[in-house]
Amino acid sequence: MTRRESVLRHGWRGAGTGPGRPPQEHRTRAGAPARGPLSAALAIGVLLAALTGCSSTDDIRYAEDYARHEPLHVLGYPSTGSLGVTQQLVWRIADDSPDRLAALATSDSSEDTARSTADNWIEAFGKGAGGKVAADFYDEGSERQTVVLYFQDTGQRKEINVRLDGNGGDDGWHVLMDEPSMKEATVEPAWAPRTPGGSRSSHIR
């Protein structure tokens, strides 16, 4: 009996490494099946974590976050730091994670103010943050940067300000969170265009 006749009669019987293995199954060198799109997303997340200077523990968390969320559409000229903290802010809003969101606040915000702001942002923008979001970065981001978030599924816009924090910026990038009232939290930036990228990322008021 030829191999073709055997396959037609008995089906594929390989253990994963022999000639009976189905040709459509792709495996890694270690013999484990490839995981597809999720593995690709995790790999991209690890690469981005390395580029933003995360520690080995942080980059695993970053990769997992990256794989679980809608990619952020970026316009303008962010630095690695301003991009990283903005992306985390959108993730924390989408995840309904007020403690982790408040932890991104600059040191000049009290704990109560940061937490109230976090609660307001999650309530106001949680639905939009779970969908497609564009971030328009204004001016250059060496020390601070104004960012306008466009929550495209809900049509909302939100201005945030990110900057280096601590003595000489030693604490890294954080977000100004001083909007303890819902009215403050939901004010749309009248100076920003209705659609992302229309300003060419030049911050003129």
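Matching residues to (1) at pLDDT 85 or above; (2) among the aliphatic types (A, V, I, L, M); (3) closer than 20 Å to Gln145 by Cα:
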{"position": "Thr57", "(1), (2), (3)": "no, no, no"}
{"position": "Glu70", "(1), (2), (3)": "yes, no, no"}
{"position": "Thr80", "(1), (2), (3)": "yes, no, yes"}
{"position": "Gly84", "(1), (2), (3)": "yes, no, yes"}
{"position": "Asp96", "(1), (2), (3)": "yes, no, no"}
{"position": "Leu101", "(1), (2), (3)": "yes, yes, yes"}
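Just to verify a result, which residue in the stretch 109-137, among those that are hydroxyl-bearing (Ser, Thr, Tyr) and modelled with pLDDT of 95 or more, is nearest to the chain's Cα centre (by Cα)? Going through the qualifying residues, I end up with Thr117.
Could you check, for the stretch 141-162, whether at least one of its residues is touching a helix residue (DSSP H, G or I) at 6+ places or on another chain (Cβ under 7 Å), in a loop (DSSP other than H, G, I, E, B), open to solvent by less than 50 Å² (accessible area, probe 1.4 Å) and modelled with pLDDT of 95 or more? Checked against the condition, which is being touching a helix residue (DSSP H, G or I) at 6+ places or on another chain (Cβ under 7 Å), in a loop (DSSP other than H, G, I, E, B), open to solvent by less than 50 Å² (accessible area, probe 1.4 Å) and modelled with pLDDT of 95 or more, the stretch 141-162 yields no hits at all. Can you find a residue that is open to solvent by 20 Å² or more (accessible area, probe 1.4 Å), touching a Lys or Arg at 6+ places or on another chain (Cβ under 7 Å) and in a helix (DSSP H, G or I) anywhere in the stretch 89-98? Yes: the stretch 89-98 contains one or more residues that are open to solvent by 20 Å² or more (accessible area, probe 1.4 Å), touching a Lys or Arg at 6+ places or on another chain (Cβ under 7 Å) and in a helix (DSSP H, G or I). Here Met182 meets the list (1) free of Cβ contacts under 8 Å to residues at least 40 places away in the same chain; (2) hydrophobic (A, V, I, L, M, F, W, C); (3) open to solvent by 40 Å² or more (accessible area, probe 1.4 Å) almost entirely, failing just condition (1).
When His73 is tested against (1) within 25 Å of Glu184 (Cβ to Cβ); (2) touching a Lys or Arg at 6+ places or on another chain (Cβ under 9 Å), only condition (1) is not met. The requirement of being surrounded by fewer than 19 Cβ atoms within 10 Å (Cβ to Cβ), touching a residue at least 24 places away in the same chain (Cβ under 8 Å) and farther than 17 Å from Gly84 by Cα is fulfilled somewhere in the stretch 169-178, by at least one residue. When Glu123 is tested against (1) crowded, with 16+ Cβ neighbours inside 10 Å; (2) assigned to a helix (DSSP H, G or I), exactly one condition is not met: (1). When Pro193 is tested against (1) surrounded by 13 or more Cβ atoms within 10 Å (Cβ to Cβ); (2) touching a strand residue (DSSP E or B) at 6+ places or on another chain (Cβ under 6 Å), only condition (2) is not met.
The values are calculated or read from the model by the stated rules, or taken from the named source; none is laboratory data. Computed from a prediction, not measured in an experiment: that's the story for all the values here. A quick note on method: Cβ atoms are made from the backbone with ideal geometry, for glycine too, and the neighbour counts reach across all protein chains shown. With ligands, DNA and RNA removed, areas are computed over all heavy atoms of the protein, side chains included. Shrake-Rupley method; radii C 1.70, N 1.55, O 1.52, S 1.80 Å.
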